[in-house]
Amino acid sequence: MKLGVNGLGRIGKLLLWNHVARGHFNELVVNIGRDVGTSMNDLAASIERDSTYGRLTTYLNGFRGGRVIEELDEQTGRMQINGIPVTILRTARNPKEIGWRDHEVNLVVDTTGAFRDPGSDADEPRGSLRGHIAAGASKVILSAPFKIKAKGLEMPDDAITTVMGINDDEFLPTVHSIVSAASCTTTCLSYMMKPLLERIGADNLLSASMVTVHAATGSQQVLDRLPGAGASDLRKNRSILNNIILTTTGAAKALGQVIPEMRNIGFIAESVRIPTATGSLIILVINIHDEPGLPTQRDYINSIYREYSRHNPYLVFSDEQNVSSDMIGYPKAATVIEGSETHTRTASIRVNIAKATNADISGDHDPIIEVPVTQAVIYGWYDNELGSYTHMLTDLTWKIAETMV
């Protein structure tokens with residue numbers, strides 16, 4: 001079976017690394033829609049070298065090295081990477097014009113981030129996810145969260161958001177043709193929330209908030225530049241090399257698509273970009289309604305994650321003292337819980353029933369009840385590129401491919 005990949009940015013390139021390492025597919029067809037450098041040698045050099053993760057040959061063979069990109073053909077755009085044929089398409093940018101049908105590609109992963117609306121028509125002038133299907137693909141995986149542009153429109157029936165190990169069993173081969181693999185942050189957050197929901201229960205979670213301290217992404221500027229006409233967020237045009245930048249994240253909304261119970265819990269998600277290449281951190285704060293017999297202290301919270309990690313390989317519980325660079329390339333870990341930094345504090349919150357219920361309650365004194373609430377702070381690391389997200393995207397790609405054979 002052949003796999004199509006649209007885009008060769010950070011995720012597309014690292015997805016290619018994963019698939020030539022695993023050898024699941026007998027051929028890969030990668031669309032970049034333009035020429036690169038002066039020859040195929042320049043393109044091969046860009047694939048083989050990475051400023052964050054080193055050389056592809058080291059990734060595949062360790063200290064033994066050895067050449068892994070061979071047999072470059074300028075005319076056909078073909079090369080061999082680790083023995084697997086890879087064809088590079090260099091003409092079409094609009095998905096509906098990519099020659100998937102001619103290359104017998106049925107499964108495509110779109111890593112460009114340019115096409116995120118699952119409801120957009122295949123004939124959308126600027127391109128759409130459904131354009132891949134019009135071009136011959138049967139199923140499309142998006143390496144980003146869905147974003148429906150038109151207000152009030154519901155998610156199409158044939159589209160679904162999944163995170164491997166959380167809700168991938170909800171993917172139905174006969175129903176779903178467009179699949180979002182969410183985002184790196186949503187993936188990490190899913191593995192921080194799911195164990196708590198299963199053990200403590202959604203009814204006992206009063207509220208939650210998170211901040212992702214996130215590494216730089218390709219959408220940010222190396223040096224300051226003028227914002228475009230109509231731009232409202234001037235920080236997006238400031239240098240990521242020199243600044244901590246406040247921004248936004250859609251992790252809370254996407255999490256509700258992956259874990260529906262979260263829709264009933266008050267949740268706030270924020271993002272801070274920092275000048276590192278990869279290795280990010282979620283700081284999760286939850287408020288738990290204590291009930292008689294419900295243990296919610298630090299050791300109990302850690303025990304939930306420790307036990308969950310024993311049967312789900314995507315969650316790692318760590319008693320070590322980690323820093324962000326320890327996460328670079330950490331294989332398959334959606335989340336690494338920093339157990340030594342879990343903190344809890346229990347206190348009683350005084351609630352005025354009359355004000356809370358807007359009820360007319362007579363009496364000399366307002367009726368007050370005390371509600372015991374535990375606040376917990378939990379830290380979860382993730383490699384937002386290769387280690388966490390792209391490894392799991394590779395697993396999802398192969399899972400869907402197996403249903404198509």
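The values are calculated or read from the model by the stated rules, or taken from the named source; none is laboratory data. Keep in mind the model is a prediction, meaning the values are calculated, not measured. Cβ placement follows ideal geometry from the backbone for every residue including glycine, while neighbour counts extend to all protein chains displayed.
A few remarks follow.
- In the range 172-199, the residues that are surrounded by fewer than 18 Cβ atoms within 10 Å (Cβ to Cβ), farther than 22 Å from Ser209 by Cα and hydrophobic (A, V, I, L, M, F, W, C): Leu172, Val175
- Restricting the range 227-246 to residues that are touching a helix residue (DSSP H, G or I) at 6+ places or on another chain (Cβ under 9 Å) and at pLDDT 95 or above, the residue that is surrounded by the most Cβ atoms within 10 Å (Cβ to Cβ) is Ile245.
- Taken over the range 21-52, the criterion of being part of a helix (DSSP H, G or I) and under 26 Å from Ser280 (Cα atoms) is satisfied by Ala21, Arg22, Ser46, Ile47, Glu48.
- Restricting the range 272-298 to residues that are among the small types (Gly, Ala, Ser) and under 22 Å from Gly329 (Cα atoms), the residue that is surrounded by the fewest Cβ atoms within 10 Å (Cβ to Cβ): Ala277
- The combined condition, being surrounded by 14 or more Cβ atoms within 10 Å (Cβ to Cβ), farther than 25 Å from Ala181 by Cα and hydroxyl-bearing (Ser, Thr, Tyr), is not fulfilled by Thr76.
- Residue check, Leu60 aliphatic (A, V, I, L, M), on the phi < 0 side of the Ramachandran plot, in contact (Cβ under 8 Å) with a residue 24 or more places away in the chain and in a helix (DSSP H, G or I): yes
- The numbered conditions (1) over 29 Å from Ser39 (Cα atoms); (2) in a loop (DSSP other than H, G, I, E, B); (3) of a type outside the set (A, V, I, L, M, F, W, C); (4) in contact with a Phe, Trp or Tyr (Cβ under 9 Å, 6 or more places away or on another chain) are all true for Thr185 except (2).
- Single residue of the range 247-271 satisfying the filter (of a type in the set (A, V, I, L, M, F, W, C) and in a strand (DSSP E or B)) that is surrounded by the most Cβ atoms within 10 Å (Cβ to Cβ): Ala269
- Taken over the range 128-168, the criterion of being basic (Lys, Arg), under 23 Å from the mean Cα position of the chain (by Cα) and more than 16 Å from Ala401 (Cα to Cα) is satisfied by Arg130, Lys147, Lys149.
- Total residues in the range 189-237, condition within 20 Å of the chain's Cα centre (by Cα) and not in a helix (DSSP H, G or I): 13
- Some residue of the range 99-106 being in contact (Cβ under 8 Å) with a residue 60 or more places away in the chain and more than 20 Å from Leu393 (Cβ to Cβ): yes
- Taking the criterion of being under 17 Å from Lys96 (Cβ atoms), touching a residue at least 60 places away in the same chain (Cβ under 8 Å) and assigned to a loop (DSSP other than H, G, I, E, B), the residues of the range 133-156 that qualify are Ala137, Ser138.
- Selection of the range 367-405 for residues being assigned to a loop (DSSP other than H, G, I, E, B) and surrounded by 17 or more Cβ atoms within 10 Å (Cβ to Cβ) yields Asp383, Asn384, Glu385.
- Single unsatisfied condition, Tyr330 versus (1) touching a helix residue (DSSP H, G or I) at 6+ places or on another chain (Cβ under 7 Å); (2) at pLDDT 95 or above; (3) of a type outside the set (A, V, I, L, M, F, W, C): (2)
- Taken together, Met164, Met79 contain a single residue that is free of Cβ contacts under 8 Å to residues at least 40 places away in the same chain, under 21 Å from His19 (Cα atoms) and not assigned by TED's automatic domain parsing to the domain that holds Thr248, which is Met79.
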